[in-house]
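K.L.:
This is the structure I want to talk about, given as structure tokens.
The values are calculated or read from the model by the stated rules, or taken from the named source; none is laboratory data. Please read all numbers here as calculations on a predicted model, not as lab measurements. Methodologically, a virtual Cβ is constructed for each residue, glycine included, from the backbone with ideal geometry; neighbour enumeration extends over all protein chains shown.
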Amino acid sequence: MITVEKFFCFLELKWGMLAIGIIQIILTLLSAFLMPYGYEVFAFVQFAVLILFFISCILLIVAAFVPKKPLVLCYLIMAALLILVAIITIIIMVCLGHHYVLSYVLSVIVIILGIYFWICAYSYYQQI
């Protein structure tokens, strides 16, 4: 499995978890307000995942100060689920013919940053 020693090559992973939590909370709030939802049933799933992911980001911030594996594990599970939901959202938007460029950009950012942040959180999880 790929791991990293430092967050963005210069921060300790502990402080990286704090940064990830804050960045992800901001991106989650942006996604909740700016992303159009696909089918009504899937919109409920998206909203539920965003709420749970928001909570897991708070737990990750706590894990930066109280290094407990279950706190990081919660984030790892929810981050993987959020990446999957972002991919499904892009597929649904393309199938429905939505042309919301901002939504596509946000989804791609969530996916790319989400993968890197997941690797960093996994590295911190292994380090604890």
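K.L.:
Restricting to segment 40-75, name every residue that is more than 15 Å from the chain's Cα centre (by Cα), in contact (Cβ under 8 Å) with a residue 12 or more places away in the chain and under 21 Å from ILE119 (Cβ atoms).
P.N.:
Selection gives ALA63, ALA64, PRO67, LYS68, LYS69.
K.L.:
So which of ILE92, ILE83 ends up being surrounded by 15 or more Cβ atoms within 10 Å (Cβ to Cβ), modelled with pLDDT under 85 and either on the phi > 0 side of the Ramachandran plot or not polar (S, T, N, Q) (or both)? Write out each step before concluding.
P.N.:
Details: ILE83 fails: modelled with pLDDT under 85.
Of ILE92, ILE83, the one residue that is surrounded by 15 or more Cβ atoms within 10 Å (Cβ to Cβ), modelled with pLDDT under 85 and either on the phi > 0 side of the Ramachandran plot or not polar (S, T, N, Q) (or both) is ILE92.
K.L.:
Hey, another quick one. Do the conditions hold for PHE33, that is, is it surrounded by fewer than 14 Cβ atoms within 10 Å (Cβ to Cβ) and either free of Cβ contacts under 8 Å to residues at least 60 places away in the same chain or within 12 Å of the chain's Cα centre (by Cα) (or both)? Give the steps one after another, and end with the answer.
P.N.:
Values: surrounded by fewer than 14 Cβ atoms within 10 Å (Cβ to Cβ): yes; either free of Cβ contacts under 8 Å to residues at least 60 places away in the same chain or within 12 Å of the chain's Cα centre (by Cα) (or both): yes.
So PHE33 passes the test.
K.L.:
Determine which member of the set TYR104, TYR122, TYR100, TYR116 is farther than 28 Å from ILE2 by Cα, surrounded by 13 or more Cβ atoms within 10 Å (Cβ to Cβ) and not aliphatic (A, V, I, L, M). Give the derivation first.
P.N.:
On the way: TYR104 fails: farther than 28 Å from ILE2 by Cα; TYR122 fails: farther than 28 Å from ILE2 by Cα; TYR116 fails: farther than 28 Å from ILE2 by Cα.
Among TYR104, TYR122, TYR100, TYR116, only TYR100 is farther than 28 Å from ILE2 by Cα, surrounded by 13 or more Cβ atoms within 10 Å (Cβ to Cβ) and not aliphatic (A, V, I, L, M).
K.L.:
Within segment 38-57, identify whether any single residue is under 21 Å from LYS6 (Cα atoms), modelled with pLDDT of 90 or more and of a type in the set (A, V, I, L, M), and answer yes or no.
P.N.:
no
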